[in-house]
Amino acid sequence: MTSTEPRRRNRRGEGGKLREEIIAAAQALLDEGGDERAVTLRSVARKAGIAAPSIYAHFADQPSIMLAVVQQEMDRLAVALREANVGPDPRTRLFAVCNAYLDIAREHPQRYRIMFGGLWTPSVDDTSITDADLDSLGAEALTVLASVLGDCVDAGIADGSDDLYGDAVALWLGLHGLAHQRAVVRKMPGPADVADRLIKALAHLK
């Protein structure tokens, strides 16, 4: 929806639709090459074709809109990882899951960047966002990563440790570092198979 399109008033009971339109407007502002500074209550309202005060029925402030965007993107990431985690061979599934993660980062770099912090995450004392809101972000995606990593250990093709969760976090951080470098450098240094090398090393594959 663009700012020039007239918007039909939602019928009674369609408040959830307006909430989704507000989130979509914020996503569009990010995709257009901006960052979270481009996502203001006024710009979102203009993009969604609504009056700015209408936002307050669904979101208390700008960070709460950004949190909704991040939650939706984290859900999308978790779905992509689950869909990649199919098949009988755990090694193949591990690489598929990790590459699905990297694909998400490449397809929507602006959205990916704000999934992991930025200017939209002020002190919880200054916004409606709580620590619990932030702590829960990415939990489902991490569970998928830990599950397939554990399957590799159980199959004897990866060296495990006493801390599967910690190993999964380390692998996630490695993938995040690679995704970030690909996004910020003009020419990525290193071999073409650097992703496979990173996955093999951090997953302790044999």
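The values are calculated or read from the model by the stated rules, or taken from the named source; none is laboratory data. Predicted, not measured: the structure shown is a model, and the values here were computed from it. With ideal geometry, Cβ positions are generated from the backbone for all residues, glycine too; neighbour counts draw on all protein chains shown.
Only one of the numbered conditions (1) part of a loop (DSSP other than H, G, I, E, B); (2) surrounded by 15 or more Cβ atoms within 10 Å (Cβ to Cβ); (3) hydrophobic (A, V, I, L, M, F, W, C); (4) at pLDDT 95 or above is violated by Val86, and that is (2).
A single entry from Ala146, Ala100, Ala132 fulfils the requirement of being of a type in the set (A, V, I, L, M, F, W, C), closer than 24 Å to Val39 by Cβ and assigned to a helix (DSSP H, G or I): Ala132. Report whether or not Ala51 is modelled with pLDDT of 95 or more and of a type in the set (A, V, I, L, M). Here the answer is no, as Ala51 does not meet what is asked.
Taken over the stretch 149-196, the criterion of being farther than 21 Å from Asn85 by Cβ, in a helix (DSSP H, G or I) and of a type in the set (D, E, K, R) is satisfied by Arg182 alone. The sole residue among Ile129, Ile114, Ile104 that is in contact with a Pro (Cβ under 8 Å, 6 or more places away or on another chain) and either free of Cβ contacts under 8 Å to residues at least 12 places away in the same chain or assigned by TED's automatic domain parsing to the domain that holds Arg197 (or both) is Ile129. Only one entry in Ala141, Ala146 is touching a residue at least 40 places away in the same chain (Cβ under 8 Å), surrounded by 14 or more Cβ atoms within 10 Å (Cβ to Cβ) and either of a type outside the set (D, E, K, R) or not assigned by TED's automatic domain parsing to the domain that holds Asp89 (or both), namely Ala141. Of the numbered conditions (1) touching an Asp or Glu at 6+ places or on another chain (Cβ under 7 Å); (2) modelled with pLDDT of 85 or more; (3) among the aromatic types (Phe, Trp, Tyr), Tyr112 satisfies every one except a single condition; which is it? Checking Tyr112 against (1) touching an Asp or Glu at 6+ places or on another chain (Cβ under 7 Å); (2) modelled with pLDDT of 85 or more; (3) among the aromatic types (Phe, Trp, Tyr), the one that fails is (1).
The number of residues in the stretch 19-60 that are within 27 Å of Asp125 (Cβ to Cβ) and part of a loop (DSSP other than H, G, I, E, B) comes to 7. Can you give me the number of residues within the stretch 180-205 that are modelled with pLDDT under 95 and either small (Gly, Ala, Ser) or touching an Asp or Glu at 6+ places or on another chain (Cβ under 9 Å) (or both)? Result for the stretch 180-205: 3. Each residue in the stretch 17-41 was checked for being more than 20 Å from Ile129 (Cβ to Cβ) and either of a type in the set (Asp, Glu) or without any contact (Cβ under 8 Å) to a residue 12 or more places away in the chain (or both), and 4 of them qualify. Screening Asp154, Asp125, Asp159 for residues that are among the charged types (D, E, K, R), in contact with a His (Cβ under 7 Å, 6 or more places away or on another chain) and loosely packed, with under 14 Cβ neighbours inside 10 Å leaves exactly one candidate, Asp159. State whether one or more residues within the stretch 2-18 are at pLDDT below 95, part of a helix (DSSP H, G or I) and within 25 Å of Leu178 (Cα to Cα). Checked against the condition, which is being at pLDDT below 95, part of a helix (DSSP H, G or I) and within 25 Å of Leu178 (Cα to Cα), the stretch 2-18 yields no hits at all.
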